[in-house]
Amino acid sequence: MHSHLTINIRGRLMDFRQPKVMGILNATPDSFYSGSRTPGDSEILGRVLQFKEEKADIIDIGGYSTRPGADDVSAEEEYSRLARALEIVKREWEEVPVSVDTFRASVARRCVEEWGVDIINDIGGGTLDPDMWETVAELRVVYVLMHTRGTPADMQNFTDYADVTAEVIEDLSKKVYELRGLGVNDIIIDPGFGFAKTAAQNFRLLNELGEFCKMGLPVLAGLSRKSMIWRSLDLTPEESYEGTIALDAIAIDRGADIVRVHDVKAARQTVELLSRLG
């Protein structure tokens, strides 16, 4: 059903014949979804052990909330939040591939050099820190290239597309070409649901996700509890559990190789059931 693409995670190959589940660990006090906030060590530990039991394939740790209106956080504060979570993850589940969700090259470098982080998940796609791409190339880690425009604070002013799918693919393709030129070999692409996109554009991208698969790189879909779900259904992020499962199932069916989720168990079951379709 799925691609035979692989990425090299520090000498170990991860293949995508079955889609992978990336569990979100928010080491932030202000993530948009309150159920995912793990500001203290005990909450982080609980989430890590839960993800381990539920068989997450990757843990994605964030220390900077990118929701509209979130507080700006210094690089030092972001790193200290990440380091606290990384210390717990490395102690409790050393073998799990770890991704860090940051758009700052300096933070990415410290996480890789000091904690052995495997993947840098950059919501800026290189646009928010001019040093990010060269840093990732030098560190030789997997890079998640996400599409966005503007900054998290103003991105919803940049939703003007003639053909959203074609333009997002064109933008990502150009960046992949540049990254390859710098020597970044392991790239995952992310259409950036909710980032500089209207709800209608998000649904169009989801419906046409198969077009992204033609780029020949693993595709990550981050739909979990996003506003395209809860605004469409007149709910809150807290009430978006079932809607997330529905859209993740569609994303997987359309070819997503990784689903980035708050609720690992549900996503794991979704992947398992869809794999029975052959």
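The values are calculated or read from the model by the stated rules, or taken from the named source; none is laboratory data. Predicted model, so just to flag it, every value in this text is computed and none were measured. Neighbour counts are summed over all protein chains in view; Cβ atoms, including those assigned to glycine, are modelled from backbone coordinates with ideal geometry.
For segment 13-35, a residue qualifies if it is at pLDDT below 90, surrounded by 20 or more Cβ atoms within 10 Å (Cβ to Cβ) and out of contact with any Pro (no Cβ under 8 Å at 6 or more places or on another chain), and exactly one does: Ser31.
Table: residues versus (1) in contact (Cβ under 8 Å) with a residue 24 or more places away in the chain; (2) of a type in the set (S, T, N, Q); (3) touching a strand residue (DSSP E or B) at 6+ places or on another chain (Cβ under 6 Å).
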{"site": "Arg225", "(1), (2), (3)": "yes, no, no"}
{"site": "Ser232", "(1), (2), (3)": "yes, yes, no"}
{"site": "Leu235", "(1), (2), (3)": "no, no, no"}
{"site": "Ile258", "(1), (2), (3)": "yes, no, yes"}
{"site": "Val261", "(1), (2), (3)": "yes, no, no"}
{"site": "Val264", "(1), (2), (3)": "yes, no, yes"}
{"site": "Ala267", "(1), (2), (3)": "yes, no, yes"}
{"site": "Thr270", "(1), (2), (3)": "yes, yes, no"}
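State whether one or more residues within segment 180-188 are crowded, with 17+ Cβ neighbours inside 10 Å and at positive phi. No, segment 180-188 contains no residue that is crowded, with 17+ Cβ neighbours inside 10 Å and at positive phi. If you filter segment 198-228 down to residues that are hydroxyl-bearing (Ser, Thr, Tyr) and out of contact with any Gly (no Cβ under 7 Å at 6 or more places or on another chain), you find that the one that is surrounded by the fewest Cβ atoms within 10 Å (Cβ to Cβ) is Thr198.
For segment 36-52, residues that are assigned to a loop (DSSP other than H, G, I, E, B) and modelled with pLDDT of 75 or more total 1.
Within segment 140-159, the set of residues being touching a strand residue (DSSP E or B) at 6+ places or on another chain (Cβ under 9 Å) and either closer than 10 Å to Phe195 by Cα or acidic (Asp, Glu) (or both) comprises Met146, His147.
Selection over segment 249-269 of residues that are within 23 Å of Gly46 (Cβ to Cβ) and part of a helix (DSSP H, G or I) gives a count of 6. Checking each residue in segment 121-156 for being among the hydrophobic types (A, V, I, L, M, F, W, C) and farther than 15 Å from Gly183 by Cα picks out Ile123, Leu128, Met146, Ala153, Met155.
In this structure, does Ala137 turn out to be exposed (fewer than 15 other Cβ atoms within 10 Å of the Cβ) and out of contact with any strand residue (DSSP E or B) (no Cβ under 6 Å at 6 or more places or on another chain)? No; evaluated as a whole, the condition is false for this residue.
Residues of segment 163-193 that are outside any helix (DSSP H, G or I) and not polar (S, T, N, Q): Asp163, Gly183, Val184, Asp186, Ile187, Ile188, Ile189, Asp190, Pro191, Gly192, Phe193.
Taking every residue in segment 90-116 that is polar (S, T, N, Q) and pairing it with any residue that is surrounded by fewer than 20 Cβ atoms within 10 Å (Cβ to Cβ) and outside any loop (DSSP other than H, G, I, E, B), at least 6 positions away or on another chain, the pairs with Cβ-Cβ distances below 6 Å are Ser106/Ala75.
Restricting Asp101, Asp129 to those that are in contact with a strand residue (DSSP E or B) (Cβ under 9 Å, 6 or more places away or on another chain), within 20 Å of Ala221 (Cβ to Cβ) and either basic (Lys, Arg) or at pLDDT 95 or above (or both) reduces the list to Asp101.
For segment 230-278, which positions are over 18 Å from the mean Cα position of the chain (by Cα) and aromatic (Phe, Trp, Tyr)? The one that is over 18 Å from the mean Cα position of the chain (by Cα) and aromatic (Phe, Trp, Tyr): Trp230. Considering each residue of segment 53-65 in turn, at least one proves to be surrounded by fewer than 23 Cβ atoms within 10 Å (Cβ to Cβ), of a type in the set (Ser, Thr, Tyr), outside any strand (DSSP E or B) and at pLDDT below 95.
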